[in-house]
Amino acid sequence: MSFPWAKNYEPQQPLMKWLDEKLPLPRLVYNAVGAGYPVPRNLNYFWNFGVLAGAALAIQIITGIVLAMHYAANAGVAFDSVEHIMRDVNAGWFIRYAHMNGASMFFIVVYLHIFRGLYYGSYKAPREMVWLLGVVIFLLMMATAFMGYVLPWGQMSFWGAQVITGFFSAIPVVGEPIRVWLLGGFAPDNAALNRFFSLHYLLPFVIAGVVVLHIWALHIPGSSNPTGIEVKDEQDTVPFHPYYTAKDGFGLGVFLILFVALTFFSPNLLGHADNYIPANPLSTPAHIVPEWYFWPFYAILRAFTFNFLWIDAKLWGVIAMFASIALLFFLPWLDSSPVKSSKYRPLYRIFFWVLVADVFLLGLCGKMPAEQPWVILSQIGAAYYFAHFLIILPIVSRIERPLPMPNSITEAVLAKHAGTSSASATA
Ligand code: HEM
């Protein structure tokens with residue numbers, strides 16, 4: 001396959017020429033996100049979310065660094081230091097609200113990015129490594145967000161840390177010593193707050209490193225596309241710049257509009273009011289609930305209400321919660337269908353949408369108190385979640401008869417175009 005533009009990087013300006021000789025950075029950019037990177041010509045807006053996730057990560061790192069200049073990681077003053085940021089620091093309220101809502105926007109974008117991958121089969125060969133690194137990023141994001149939520153040292157911060165670290169004690173024999181070791185004490189306090197702050201500052205840079213690997217791994221086969229058919233020749237592609245820099249730029253504009261609308265007009269919409277009450281180890285909130293992006297996993301964690309096979313219900317909950325993410329590592333091998341895109345997989349497509357509904361149901365169960373009917377619904381939802389990946393998917397990928405597929409990306413694009421022009425001619 002030849003992509004003439006990919007090889008012909010010729011620096012024009014003397015400065016670029018000089019830089020390219022000493023450190024071929026312009027060449028790298030040209031070949032990675034410039035006119036030298038061939039991309040399928042039919043990517044839809046769902047392919048914007050990777051770049052948007054990168055933008056969200058950058059926003060989190062920048063706002064986080066500024067917040068850290070004013071925040072004090074000490075259990076005695078942490079809460080007050082956040083109030084100081086909100087009231088006294090110039091534009092401090094803006095930086096803090098941007099960071100708080102930036103976390104939510106980051107998760108919205110990454111969830112859409114993951115579900116795009118599930119719908120279009122992006123996790124399949126030859127992009128398994130891209131997917132596996134994505135799951136590592138997701139785990140790191142969850143750890144980072146959990147530790148970040150502890151930092152304001154409000155009631156939900158404290159009790160969230162108490163509940164989640166408390167689950168370690170479900171592990172027989174070593175569980176309790178591990179919990180005490182992680183917290184640096186018998187309950188969340190100054191030591192825990194300090195180490196959470198240190199890790200919360202460190203992990204985004206680790207995420208950034210894994211993102212580099214993620215994109216590197218993606219650049220080996222190149223992007224997939226809505227048909228799931230691999231690029232056959234130059235005709236199937238367009239250069240990344242200007243086509244996708246423009247399309248991603250538009251997506252970024254929409255993302256920023258939604259982001260600032262949330263930050264300026266409803267900054268506490270996605271938070272919990274109890275976190276504006278200082279942490280009090282002597283007063284347990286009536287209902288301890290994590291941030292919205294953890295709700296489906298929280299529901300799975302609480303779905304086990306009975307001991308089973310000599311294992312404590314609490315331990316089953318912990319195992320199930322970690323397993324619900326760990327099984328994503330096996331997804332490329334659980335789905336053996338050679339067809340990637342749901343566009344040509346009518347049966348898989350139905351189960352995909354049932355999974356989406358199931359995750360929403362789990363999310364709702366995670367938000368609600370652990371009482372009926374939410375307990376039974378979270379048990380059904382959790383059972384279906386595992387059944388989807390471990391039973392339904394392997395069976396569907398064997399028995400399904402895919403729809404006829406076009407021979408190439410170009411054929412699919414032209415067929416679609418022919419359909420539109422004949423439709424508009426009739427109209
Ligand atoms: C910080 C978080 C992340 C960033 C910055 C990021 C970035 C990107 C970028 C820029 C792309 C190429 C553009 C696109 O296809 O949208 C991409 C593709 C991809 N990402 Fe991510 N990603 C992140 C998280 C994840 C996660 C959590 C997963 C899955 C668990 C994942 C799985 C994939 C896959 C499978 C592709 C290839 C898509 C295809 O070509 O069809 N990514 N990512």
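The values are calculated or read from the model by the stated rules, or taken from the named source; none is laboratory data. Just so it is clear, the structure is predicted and the values come from calculations on it, not from any experiment. So basically every Cβ, Gly included, is an ideal-geometry build from the backbone, and we count neighbours across all protein chains shown. Just the protein is used for accessible areas: all its heavy atoms, side chains included, with ligands, DNA and RNA removed. Shrake-Rupley method; radii C 1.70, N 1.55, O 1.52, S 1.80 Å.
Using a 1.4 angstrom probe, figure out how much accessible area the chain has per residue, in square angstrom, rounded to the nearest whole. Walk me through the numbers before you get to the answer.
Numbers: 21530 Å² over 427 residues.
The answer is 50 Å² per residue.
Measuring from centroid to centroid over Cα atoms, what is the spacing of region 302-329 and region 123-198 in Å?
Comparing the Cα centres of region 302-329 and region 123-198, I get a distance of 17 Å.
How much net charge surrounds MET16 when only other residues with a Cβ under 12 Å from its Cβ are counted (Lys, Arg +1; Asp, Glu -1)? Intermediate results must be reported in sequence, preceding the final value.
Values: positive: LYS17, LYS22, ARG27; negative: GLU10, ASP20, GLU21.
With Lys, Arg at +1 and Asp, Glu at -1, the net is 0.
Sum up the charges of everything whose Cβ sits under 13 Å from the Cβ of LEU52, counting Lys and Arg as +1 and Asp and Glu as -1, but leave LEU52 out. Walk me through the numbers before you get to the answer.
Values: positive: ARG116, LYS247; negative: ASP248.
So the environment of LEU52 carries a net charge of +1.
Between VAL29 and LEU256, what's the calculated FRET efficiency when r is the beta-carbon distance and R0 is 25 Å? Round to 0.05.
Working: r = 23 Å, r/R0 = 0.91.
According to the calculation, E is roughly 0.65.
If I fit a long axis through the Cα atoms of helix 240-265 and take the longest principal axis of the Cα atoms of the chain, what angle between them do I get, 0 to 90°, rounded to 10?
Relative to the chain, helix 240-265 is tipped by roughly 30 degrees.
Calculate how steeply helix 409-426 sits against the longest principal axis of the alpha-carbon atoms of the chain, using the helix alpha-carbon long axis, and give the answer as 0 to 90 degrees to the nearest 10.
The angle comes out at about 80 degrees.
Using the structure shown, select from LYS340/LYS367; LYS232/LYS343; LYS124/LYS367; LYS124/LYS314; LYS232/LYS416 the pairs with a Cα to Cα distance greater than 24 angstrom. Working shown, then result.
On the way: LYS340/LYS367 34 Å; LYS232/LYS343 19 Å; LYS124/LYS367 33 Å; LYS124/LYS314 34 Å; LYS232/LYS416 18 Å.
Over 24 Å apart, Cα to Cα: LYS340/LYS367; LYS124/LYS367; LYS124/LYS314.
Per-residue counts of other Cβ atoms within 10 Å, averaged by peptide: what ranking do you get for 39-52, 244-257, highest first?
On the way: 39-52: 19.6, 244-257: 15.3.
In decreasing order of mean packing, 39-52, 244-257 become 39-52, 244-257.
Stretched out fully, how many nm does the piece from LEU15 to LEU282 gain, at 0.36 nm a residue minus the Cα gap? Please list the in-between numbers first.
On the way: separation 267, 0.36 × 267 = 96.12 nm, distance 6.44 nm.
Going from the current span to full extension adds 89.7 nm.
Placing +1 on the Cβ of each Lys and Arg and -1 on the Cβ of each Asp and Glu in region 33-415, which of GLN162, LEU258, ALA68 has its Cα farthest towards the positive end of the resulting dipole?
About the Cα centre, the residue reaching furthest to the positive side is LEU258.
Where does the chain land at 222 nm, in deg cm²/dmol rounded to the nearest 500, when only DSSP H runs of n ≥ 4 count, each adding -39500 (n - 2.57), divided by all residues? Could the numbers behind the result be given before it?
Working: 18 runs with 268 residues, N = 427.
It comes out at -20500 deg cm²/dmol, rounded to the nearest 500.
Counting only protein heavy atoms and using a 1.4 Å probe, what share of the accessible area of the chain belongs to carbon plus sulfur, as a whole percent? Before the final figure, lay out each step's value.
Details: 15570 of 21530 Å².
That share works out to 72 percent.
Straight-line reach from LYS22: which aspartates and glutamates have a Cα under 15 Å away, not including same-chain ones fewer than 8 places off?
GLU10
In Å³ and rounded to a whole number, note down the convex hull volume per residue for the Cα atoms of region 33-415. Intermediate values should be presented prior to the final figure.
Numbers: hull volume 57.7 nm³, N = 383.
Hull volume normalised by residue count: 151 Å³.
Taking every Cα atom in region 143-199, find the radius of gyration and the maximum pairwise distance Dmax, and write them in Å.
When restricted to the Cα atoms of region 143-199, Rg and Dmax are 10.7, 32 Å.
Normalised by the number of residues in the chain, what is the relative contact order in percent for Cα pairs under 8 Å and 6+ residues apart? Intermediate values should be presented prior to the final figure.
Values: 507 pairs, mean separation 92.4, N = 427.
Relative contact order here is 22 percent.
Relative to 2.2 N^0.38 Å, what does the C-alpha radius of gyration of region 1-94 come to as a ratio? Two decimals please.
Working: Rg = 21.9 Å, N = 94, 2.2 N^0.38 = 12.4 Å.
Rg over 2.2 N^0.38 Å, computed on Cα atoms: 1.77.
Work out from phi, with θ = phi - 60° and the Karplus expression 6.51 cos²θ - 1.76 cosθ + 1.60, the ³J(HN,Hα) of each residue of region 168-176, listed in order in whole Hz, and give x for Gly and Pro.
4, 5, 6, 6, x, 6, 8, x, 5
Would you mind counting up the charge near ILE319? Only other residues with Cβ under 15 Å from its Cβ, with Lys and Arg at +1 and Asp and Glu at -1.
On the way: positive: ARG302, LYS314; negative: ASP312.
Within the 15 Å Cβ shell, the charges total +1.
Residue by residue through region 28-42, what is 3J(HN,Hα) from phi via Karplus (6.51 cos²θ - 1.76 cosθ + 1.60, θ = phi - 60°)? Round to whole Hz and write x for glycine and proline.
4, 4, 4, 7, 9, 9, x, 5, x, 10, x, 10, x, 7, 10
With the crude spin-label approximation of a point 7 Å out along Cα→Cβ, what separation in nm comes out for VAL174 versus ASN307?
So the label points at VAL174 and ASN307 sit 2.3 nm apart.
Just subtract the alpha-carbon distance of LEU213 and LEU327 from 0.36 nm times their residue separation and send over the number in nm, one decimal.
Working: separation 114, 0.36 × 114 = 41.04 nm, distance 2.11 nm.
Length gained, LEU213 through LEU327: 38.9 nm.
Across the chain, where is the longest run that never hits GluC sites (Glu not before Pro) in a DSSP loop with at most 15 other C-beta atoms within 10 Å?
Details: sites that count: GLU230, GLU371.
Answer - 1-229.
Would you please state which residues of region 16-39 a label at GLN235 would reach in this model, taking the label point 7 Å out along Cα→Cβ and a backbone N cut-off of under 20 Å?
38-39
Roughly what angle does helix 128-150 make with the longest principal axis of the chain, taking Cα atoms, 0 to 90 degrees, to the nearest 10?
On a 0 to 90 degree scale, this one is about 30.
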